[in-house]
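**Student:** To start, I am sharing the structure in question, which I have written as structure tokens.
The values are calculated or read from the model by the stated rules, or taken from the named source; none is laboratory data. Since we're looking at a predicted model, the values are computed, not measured. Ideal geometry is used to build each Cβ from the backbone, glycine not excepted, and the neighbour counts take in all protein chains shown. In case anyone asks, the SASA skips ligands and DNA or RNA and just uses the protein heavy atoms, side chains included. Shrake-Rupley method; radii C 1.70, N 1.55, O 1.52, S 1.80 Å.
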Amino acid sequence: MPNYICTTCGVQYANIDSPPERCPICEDARQYVNWKGQEWTTLEQLRTEHSNIIKPIEPNLTGIGTQPSFAIGQRALLVQAPQGNVLWDCISLIDNDTFEAVVAKGGIAAIAISHPHFYAAMVEWSRAFDDAPIYLHAADRGWVMRPDSAIVFWEGETHQLSEDITLIRCGGHFAGGTVLHWASGADGHGALLTGDIIQVIPDRRYVSFMYSYPNLIPMSPEAVNGIIQAVEPFSYDRIHGGWWEYRVLEDAKASITRSVARYIGAITGEWFPTTAP
Ligand SMILES: [Zn+2]
Ligand SMILES: [Zn+2]
């Protein structure tokens, strides 16, 4: 029997007898319900219509994304680390080709996810890799639609997964909104893997922050300051966002500082460019 997957957010549900009536993640103000009405698919169906692209991003970091794009369209990241690989964020599709490609890179020892929009088919990924633990922040516990014994709810402000990898609770977009600090990323200068908790934008010298991206609901100055304070103690030079090519390639710490100043200036009316060229 299949577990149903929402076609708009890509999250897989516990239900197997019949599709759920509603998707609370899509009904939330941060998402939206399919214009044609709530629709569901299954992993089996996805495998017939989609495949995954697996691409190196930088040394020891590999992107895994679905084509054609499905649901929110994020790609996951595999961090290859001596103490065990970590899958950062998740996607709905896992198939044999993906499994074999990930095994060839050392498999998955743990999964960590930034927030509920990217929970995707996390339990399927865990099961494929020997019930790898799935680290989610406890503040978002209520958004888990397929509970499983592999899920580890961590609490507090940081959680060290290994010598090299620390989960940092930023809040903001979700109460448990998490980013991953990878100390040996960016040639040892450190990298942040941020999903959309810190959103890389088309001007890749900057990042931004929203309570809802599709519905364009901004965040308060307090919430944005909370994010910058959470990452302040960590060294990093690069940010990998939630989508292909959405990366701040250098000087990332300064980019967060100037982005927060611009964002707070804009929502408080203190900053606005007024001059024509
Ligand atoms: Zn949904
Ligand atoms: Zn999101």
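**Student:** Can you go through G172, G185 and tell me which one is closer than 16 Å to V231 by Cβ and in contact with a Leu (Cβ under 9 Å, 6 or more places away or on another chain)?
**Tutor:** G185
**Student:** Conditions first: (1) assigned to a strand (DSSP E or B); (2) more than 24 Å from G65 (Cα to Cα). G171 passes all but one, so which condition is the exception?
**Tutor:** (1)
**Student:** A follow-up question, please. Name the residues in segment 141-164 that are open to solvent by less than 70 Å² (accessible area, probe 1.4 Å), small (G, A, S) and within 13 Å of E124 (Cα to Cα), would you?
**Tutor:** A150
**Student:** What pairs come out if I take residues in segment 152-178 that are among the hydroxyl-bearing types (S, T, Y) and pair them with residues that are surrounded by fewer than 14 Cβ atoms within 10 Å (Cβ to Cβ) whose C-beta lies under 9 Å away, six or more apart or interchain?
**Tutor:** Filtered contacts from segment 152-178: T158/P233; S162/P82; S162/Q83; T166/Q160.
**Student:** When the residues of segment 13-42 are narrowed to those that are away from ligand 1 (no atom under 12 Å from the Cβ) and surrounded by 14 or more Cβ atoms within 10 Å (Cβ to Cβ), which ends up farthest from M145 (Cα to Cα)?
**Tutor:** T42
**Student:** Confirm whether A252 is out of contact with any helix residue (DSSP H, G or I) (no Cβ under 7 Å at 6 or more places or on another chain) and buried (at least 20 other Cβ atoms within 10 Å of the Cβ).
**Tutor:** Yes.
**Student:** List every residue pair whose Cβ atoms lie under 8 Å apart, where the two residues are 6 or more positions apart in sequence or sit on different chains, the first residue falls within segment 203-214 and is open to solvent by 60 Å² or more (accessible area, probe 1.4 Å) and within 16 Å of ligand 1 (Cβ to nearest atom), and the second residue, located anywhere, is assigned to a loop (DSSP other than H, G, I, E, B) and not acidic (D, E).
**Tutor:** Filtered contacts from segment 203-214: P214/R30; P214/Q31; P214/Y32.
**Student:** Right, something else. What are the residues in segment 233-277 that are under 13 Å from R204 (Cα atoms), over 21 Å from the mean Cα position of the chain (by Cα) and among the charged types (D, E, K, R), if any?
**Tutor:** Across segment 233-277, the qualifying residues are D251, R258.
**Student:** Could you check how many residues of segment 1-55 are modelled with pLDDT of 95 or more, away from ligand 2 (no atom under 16 Å from the Cβ) and among the aliphatic types (A, V, I, L, M)?
**Tutor:** Summing the residues that are modelled with pLDDT of 95 or more, away from ligand 2 (no atom under 16 Å from the Cβ) and among the aliphatic types (A, V, I, L, M) in segment 1-55 gives 6.
**Student:** Could you list, in sequence order, the residues of segment 169-202 that are open to solvent by less than 30 Å² (accessible area, probe 1.4 Å), among the hydrophobic types (A, V, I, L, M, F, W, C) and within 18 Å of L78 (Cβ to Cβ)?
**Tutor:** Result: V179, L180, W182, A186, A191, L192, L193.
**Student:** Do we find that I91 is within 16 Å of ligand 1 (Cβ to nearest atom) and touching a Ser or Thr at 6+ places or on another chain (Cβ under 6 Å) in this structure?
**Tutor:** When the stated conditions are applied, I91 passes them.
**Student:** Criterion first (open to solvent by 30 Å² or more (accessible area, probe 1.4 Å), more than 16 Å from ligand 1 (Cβ to nearest atom) and in contact with a strand residue (DSSP E or B) (Cβ under 9 Å, 6 or more places away or on another chain)) does I64 satisfy it?
**Tutor:** Judged against the criteria, I64 is not a match.
**Student:** Taking interchain pairs and intrachain pairs at least six residues apart, which have beta carbon atoms under 8 angstrom, with the first residue in segment 216-228 and more than 12 Å from Y263 (Cα to Cα) and the second open to solvent by 30 Å² or more (accessible area, probe 1.4 Å) and of a type in the set (K, R)?
**Tutor:** Close Cβ pairs satisfying both conditions: none exist.
**Student:** Next up: Which of the numbered conditions does L78 fail, given that it passes all the others? Conditions: (1) within 16 Å of ligand 2 (Cβ to nearest atom); (2) open to solvent by less than 40 Å² (accessible area, probe 1.4 Å).
**Tutor:** (1)
**Student:** Hey, among G10, G73, which residue is buried (at least 20 other Cβ atoms within 10 Å of the Cβ) and either touching a residue at least 40 places away in the same chain (Cβ under 8 Å) or of a type outside the set (G, A, S) (or both)?
**Tutor:** G10
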